[in-house]
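Below you'll find the structure, written out as structure tokens, and then a few comments.
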Amino acid sequence: MSRIYFDNSATTCVDDEAIDIMTMYHKDLYGNPSSLHRMGVEAEKAVEECRNKIAEMLSVKSKEIYFTSGGTEGNNMLIRGAVEKNKRIGNRIITSKIEHPSVLEVFRYYESQGLDVIYLDVDEYGKIDFKKLEESINGDTILVSIMMINNETGAIQDLKRIGELVKKNSKKTLFHSDCVQSFGKSVIDINSCNLDMLTFSAHKLHGPKGLGGVYIRQGLNLPPLILGGGQESGFRSGTENVASIAGFTKVLQNIDMKSNTDRFVSLKKYFISKVASAVDEVIINSPQRDDFADFIISISLKNVKGEILLHALEKKEIYVSTGSACSSKKNRTSHVLEAINIPRDYIEGTLRVSFSKHNTLNEIDKCIEALAEETSKIRKFTRRK
Amino acid sequence: MQRRYFDYAATTPIDKRVLEVMIPQIENNFGNPSSVYSFGREARKSIDESRDTVARVLNAEPKEIFFTSGGTEADNWAIIGTAFANKNKGNHIITTSIEHHAVLHTCKYLEKHGFEVSYLPVDEYGMVDPEDVRNSIKESTILITVMYANNEIGTIQPIKKIGEIARENDVYFHTDAVQAFGSIEIDVKDLNVDMMSISGHKIYGPKGIGALYIRKGVKIDNLIHGGGQERKKRAGTENTPAIVGFAKACELVTENLKESAEKAIELRDYMIKNILENIDEVRLNGHPTERLPGNVNVSIRYIEGESILLSLDLIGIAASSGSACTSGALDPSHVLLAIGLSHEIAHGSLRFSIGKDTTREEVDFVLEKLPAIIQRLRDMSPLYNS
Ligand SMILES: Cc1ncc(COP(=O)(O)O)c(C=O)c1O
Ligand SMILES: Cc1ncc(COP(=O)(O)O)c(C=O)c1O
């Protein structure tokens, strides 16, 4: 029996063609991009090719793209860079309660350093309240960081509206978005969203782990997080991860966003229609709407422990998640699910199903069947107690 | 054209056996190590085993090994992390003038944030005097960071001695062992180091992975915050294939260390001797014996290292004119200036670094071609009149 992998928001399998390219770079094209000889030049070319491809996808300049070791480092470097650069002109930084820990923890760090930190509430759909945001932006605000697609529910924030509010209320406030879940899967319009900075990560879209990057609007001149040999125009030192970068270029070239979106839409539609009839007492946290991603579905089942269900499904080689991978280890309920106010008797029974271009309707049939069967087993067992 | 690679200090080709353990990780074990199902737990297990391996090789405890994105991040983390975590005890840091930029620029950054940094001089061989370290320690000293072996001139520092001094004075001691690891036997307990940086791509492992050894009990802040990876000290989804490959590389380089070091030393000394004998007005940079087994660094008067480099490149020889990171810049290397070379001489320097696959035939090829290249460039140089 083959594996049904529905945890693509945690991480994805790497494209075969990318693996071949990475192998070639590891074996033969192993030069250090800083070296002046031909092997260095070859390596540098591979890095620039990827940078150009990313810039093209985002409709920005190549020199506005910098590579990092992943989404986490990207979020850290941007938030820290923005604060370090502007903390003399203001003391307030704003984010939401449903951000990824790689954003939240940096905000908490600055809170401990005495900055005025605002964590915006979200509504039941995970959306921030524009009025509250507007009220929060004052003359002291140096940064607003709001993610594009939430990794637990797929809720999409209206970045365009947020960007407008930020720039209308304060010229000096920088606007950052964690686009780790959206990059390569949804269109990101940097200009109309007034974004100054964004973060992405390769392993969420069939690229290698340990690679990510950031967009920084030209002229911002943020101080770096990691100092040294001056790679990445001085903004991110450290020998470049050439093989992964070269592999990622291939991944990006292979993306067919239209066909992926069509697939995700039909998968999600099918899943939602099926699950409602297969199990009762289920809440869909990710409705089929324009402001929710098509590749993430979060559901909450009454009187079921998500973790038990997850392991039951795992026995059938169906892989889902109870929340984000990062927080799923901790034995507490997710900050995101709490923020969107899922009822007490449902919150622990939350499962996330997330799709990739490899998933099929047939896999959903199997998943729903197993889900219904295991849910009723668990419920029977708990009710008997 | 046959390629002859003499730039192992900049980066190394991956060992076939390393790639062999990485590929299945990429293809089959791609789960997120933080995921609770078996598929994620397998990735977690691979990481734990890798940590055990790295710890064993360094004679550390597994919980003292933290994976990073490379040597640069490890250096930054060690220095910034301990500086801020211990600033209630003092604000003074001791380092040397020949460190890698990952250390130097980090120290410069700290200077802008209220720390005081002493940059110790080195002698003509690039050696730090441990007594200088001792004499620089004051009440406010919280950290000493001295590289194990220099990337440009190969000089190996008396790390154990400096470690003793640090310990006697109750000051944290970090060493950048990115170049030394894999060439010199390293035992962190014996060395008295509190922190040590290593990197994968210098030891026939992948790029974009490294580790920081942090002795149990060292007070250090996080550099990268977020999810609870690396026991809450270094956030970010783990790069499982690279970690597994890195551990394999650590294992392989230490397994054959004695043998490969002996072989490299033989080729190195042969190369140095031959260059010094057959070319006029050249000098060896770095220490004659206390140097990395694979490092040859010479200054060739009247011409630019870059020109030699490009001429060598045309015939398939890959060498370096300084460290890879700085070779793009026009400034002469800070290391060569620190050992007392004039700007002019420093500009004419060339580094050949020998690795495990280097052969006598390749060395002979370089030795055969080099004199003519140098002569041709000198003939064109306005500085040179024979
Ligand atoms: C929304 C979001 N931001 C940031 C990250 C962190 O990215 P990385 O795993 O590359 O460090 C993740 C995934 O873990 C994520 O889902
Ligand atoms: C002595 C030394 N320290 C640190 C580094 C940086 O390591 P990495 O390239 O893994 O970031 C290097 C190599 O570039 C080095 O030679």
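The values are calculated or read from the model by the stated rules, or taken from the named source; none is laboratory data. If you're wondering where the values come from, they're calculated on a predicted model, not measured in any experiment. Here Cβ is always computed from backbone atoms with ideal geometry, including for glycine, and neighbour counts include all displayed protein chains. Heavy atoms of the whole protein, side chains included, go into the accessibility calculation; ligands, DNA and RNA do not. Shrake-Rupley method; radii C 1.70, N 1.55, O 1.52, S 1.80 Å.
Quick look at the numbers
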{"item": "Helix axis angle, B:159-168 relative to chain B longest principal axis, alpha carbon, degrees", "result": "40 degrees"}
{"item": "Relative contact order, percent, chain B [alpha-carbon distance under 8 Å, six or more residues apart]", "result": "23 percent"}
{"item": "Amide H within-cut-off set for A:G230, under 5 Å, with H built and near neighbours excluded", "result": "A:S237, A:G238"}
{"item": "Dipole of chain B [Lys/Arg +1, Asp/Glu -1 at C-beta], most positive-end residue of B:G286, B:G126, B:Q157", "result": "B:Q157"}
{"item": "Dipole moment magnitude, nearest 20 debye, region B:263-376 about Cα centre, only Lys, Arg, Asp, Glu C-beta charged", "result": "180 debye"}
{"item": "Chain B: angle of helix B:101-111 to the longest principal axis, Cα-based, in degrees nearest 10", "result": "60 degrees"}
{"item": "Estimated D of chain A in µm² per second, where Rh is the Kirkwood radius over Cα pairs and Stokes-Einstein applies at 4 °C, 1.567 mPa s", "result": "60 µm²/s"}
{"item": "Principal-axis tilt of helix B:305-314 within chain B, Cα atoms, nearest 10 degrees", "result": "90 degrees"}
{"item": "Protein-only accessible surface order, largest first, of B:D75, A:D291 at 1.4 Å", "result": "A:D291, B:D75"}
{"item": "Largest to smallest principal axis extent of the C-alpha atoms in region B:16-255, angstrom", "result": "54, 36, 27"}
{"item": "Using alpha carbons only: equivalent-ellipsoid semi-axes of the protein assembly as shown, gyration tensor based, whole Å", "result": "48, 28, 25"}
{"item": "Cβ charges +1 (Lys, Arg) and -1 (Asp, Glu), total dipole of region B:16-255, debye", "result": "880 debye"}
{"item": "Max mean-square fluctuation residue, GNM over chain A, Cα-Cα springs under 10 Å, options A:N362, A:N32, A:N150", "result": "A:N362"}
{"item": "Max mean-square fluctuation residue, GNM over chain B, Cα-Cα springs under 10 Å, options B:E277, B:E64, B:E49", "result": "B:E277"}
{"item": "Buried solvent-accessible surface, both chains (B, A), 1.4 Å probe, Å² to nearest 100", "result": "5300 Å²"}
{"item": "Signed unit charges on C-beta, dipole axis of region B:16-255, positive-most listed residue B:N91, B:N222, B:V103", "result": "B:N222"}
{"item": "At least 10 Å² accessible surface lost relative to isolated chain, residues of region A:190-239 (1.4 Å probe)", "result": "A:H203, A:K209, A:G210, A:L225, A:I226, A:L227, A:G228, A:G229, A:Q231, A:R236, A:G238, A:T239"}
{"item": "Scaled radius of gyration (Cα, divided by 2.2 N^0.38 Å) that region B:195-318 gives", "result": "1.47"}
{"item": "Kyte-Doolittle mean at least -0.5 and Cα axial length at least 27 Å: DSSP H helices in chain A", "result": "A:38-58, A:257-278"}
{"item": "Centre separation in Å (Cα based) which lies between region A:77-98 and region B:122-145", "result": "37 Å"}
{"item": "Heavy-atom accessible area per residue - chain A, 1.4 Å, Å²", "result": "38 Å²"}
{"item": "Apportionment of accessible area to carbon and sulfur, region B:249-386, percent (1.4 Å)", "result": "52 percent"}
{"item": "Among A:I347, A:M147, A:I364 the positive-end extreme of the charge dipole of chain A (Cβ point charges)", "result": "A:I347"}
{"item": "Mean-position separation - Cα centroids, region B:265-327 and region A:148-207, in angstrom", "result": "49 Å"}
{"item": "Surface accessible to a 1.4 Å probe, per residue, for the residues of region B:154-279, Å²", "result": "34 Å²"}
{"item": "1.4 Å probe, heavy atoms, protein only - residues of region B:95-109 losing at least 50 Å² accessible area vs chain alone", "result": "B:Y109"}
{"item": "Unit charges on C-beta of K, R, D, E only; dipole of chain A, Debye", "result": "600 debye"}
